[in-house]
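Take a look at the structure set out below.
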Amino acid sequence: CQPNPGEGGGGYIIFNGKNGRTIVEGRYYIGDDCTNNVAEYFGLIAALKRLKASPHSAGHLSIEGDSKLVINHLNGCYKLNSHRLMPLWEKARGLIRSSKGREFDFYSYAHIDRSMNKRADELAREAVHCETNWSRDCY
């Protein structure tokens, strides 16, 4: 979101961890009064919904993000104090739990540097610029 808070969007990439190839990528337009953490949650939720709707499955789902706050909320290291983020956290956790055993067998969370998340950030900026949601299969 620029500024933060401001108009925002989320971007996501689902890729094959064995060969690094992108399977699905997409963007989600959120709108005004969006914070960076809200955008991170929306990107994650959109990715999880897209994975659930796709024919793809994974033995191990590695959820990676450049928001230390969101990753540490999900893995339980940080307590969630924000009433605004609580329903987003609940939705993300619910999607992860309901997909376990179907779309993937186990999962992990990892905080990554922004330099490793450039394509997702680019997709998030495109969502704001175009004010649209979009995804595509890349396989």
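The values are calculated or read from the model by the stated rules, or taken from the named source; none is laboratory data. Since this is a predicted model, take the numbers as computed values, not measurements. Positions of Cβ are generated from backbone atoms using ideal geometry, with glycine treated the same way; all protein chains shown enter the neighbour counts. To get the accessible areas, we keep the full protein, side chains included, count just its heavy atoms, and leave off ligands, DNA and RNA. Shrake-Rupley method; radii C 1.70, N 1.55, O 1.52, S 1.80 Å.
Residue-wise, which Karplus ³J(HN,Hα) couplings in Hz belong to segment 83-89, taking 6.51 cos²θ - 1.76 cosθ + 1.60, θ = phi - 60°, and x for glycine or proline?
3J(HN,Hα) across segment 83-89, in whole Hz: 5, 6, 8, 3, x, 6, 4.
Could you pull out the chymotrypsin sites (Phe, Trp or Tyr not before Pro) across segment 25-96 that fall in loop regions by DSSP (anything but H, G, I, E, B) with no more than 16 other Cβ atoms inside 10 Å?
Details: sites: Tyr28, Tyr29, Tyr41, Phe42, Tyr78, Trp89; in loops: Tyr78.
Answer in residue order: Tyr78.
Read phi for every residue in segment 52-67 and hand back ³J(HN,Hα) as whole Hz from Karplus 6.51 cos²θ - 1.76 cosθ + 1.60, θ = phi - 60°, with x for Gly and Pro.
Each residue of segment 52-67 in turn: 4, 7, 8, x, 7, 9, 9, x, 10, 9, 9, 8, 10, x, 8, 9 Hz.
In whole Hz and in residue order, list the ³J(HN,Hα) couplings for segment 90-102 that follow from phi through the Karplus curve 6.51 cos²θ - 1.76 cosθ + 1.60, θ = phi - 60°; x for Gly and Pro.
For segment 90-102, the Karplus-derived couplings read 4, 5, 4, 4, x, 5, 5, 5, 6, 8, 4, x, 10 Hz, x marking Gly and Pro.
Count the DSSP beta bridges whose two residues both fall in the chain, then state the antiparallel fraction as a percent rounded to the nearest 5. All intermediate terms of the calculation are to be shown ahead of the outcome.
Working: 13 of 21 bridges.
Around 60 percent antiparallel, to the nearest 5.
Carbon-plus-sulfur fraction of the accessible area of the chain, 1.4 Å probe, in percent?
Values: 3850 of 7920 Å².
Of all accessible area on the chain, carbon and sulfur atoms account for 49 percent.
Which is the longest stretch in the chain that no exposed loop site breaks, taking sites as trypsin sites (Lys or Arg not before Pro) with a DSSP loop state and at most 14 other Cβ atoms within 10 Å? If you can, show how the numbers build up before the last one.
Working: sites that count: Lys18, Arg21, Lys79, Arg84, Arg102.
The longest such stretch corresponds to 22-78.
Which loop-located GluC sites (Glu not before Pro) does segment 35-139 contain, where loop means any DSSP state but H, G, I, E or B and the Cβ has at most 16 other Cβ atoms within 10 Å?
Details: sites: Glu40, Glu64, Glu90, Glu103, Glu122, Glu126, Glu131; in loops: Glu103, Glu131.
Hits after loop and neighbour filter: Glu131.
Could you pull out every residue, at least 5 positions away or on a different chain, whose amide H is within less than 5 Å of the one on Ala58? Hs are placed 1.01 Å off N in the peptide plane, and Pro or chain starts have none.
Phe104, Asp105
Given H placed on each backbone N at 1.01 Å, which residues far from Ile63 in sequence or on other chains put an amide H within less than 5 Å of it?
It is Ser108, Tyr109, Ala110, by chain and number.
Pairs of Cα atoms under 8 Å, at least six residues apart: use those to get the relative contact order of segment 43-115, whole percent. Can you show the working numbers first?
Details: 72 pairs, mean separation 38.8, N = 73.
After rounding, I find 53 percent.
Please label the shape of the chain as rounded, prolate or oblate, based on the square roots a ≥ b ≥ c of the eigenvalues of the alpha-carbon gyration tensor (a/c under 1.5 means rounded; beyond that, a/b larger than b/c means prolate, else oblate). Let's see the in-between values first.
On the way: a/c = 1.62, a/b = 1.17, b/c = 1.38.
Cα axes put the chain in the oblate bin.
Would you rank Asp33, Asp121 by solvent-accessible area, highest first, keeping every protein chain in place and using a 1.4 Å probe?
On the way: Asp33 95, Asp121 25 Å².
Ranking Asp33, Asp121 by accessible area, largest first, yields Asp33, Asp121.
Sequence gap of 8 or more, or different chains, plus Cα separation below 26 Å: how many lysine pairs satisfy both in the chain?
22
Express the relative contact order of the chain as a whole percentage, based on alpha carbon pairs under 8 Å and six or more residues apart in sequence. Please list the in-between numbers first.
Working: 251 pairs, mean separation 52.5, N = 139.
Rounded, it is 38 percent for the chain.
Roll a 1.4 Å probe over the protein chains and send me the accessible area per residue for segment 44-84 in Å².
Numbers: 2190 Å² over 41 residues.
Heavy-atom SASA per residue in segment 44-84 reads 53 Å².
How many angstrom separate the Cα center of segment 1-69 from the Cα center of segment 96-130?
Going from one Cα centre to the other spans 4 Å.
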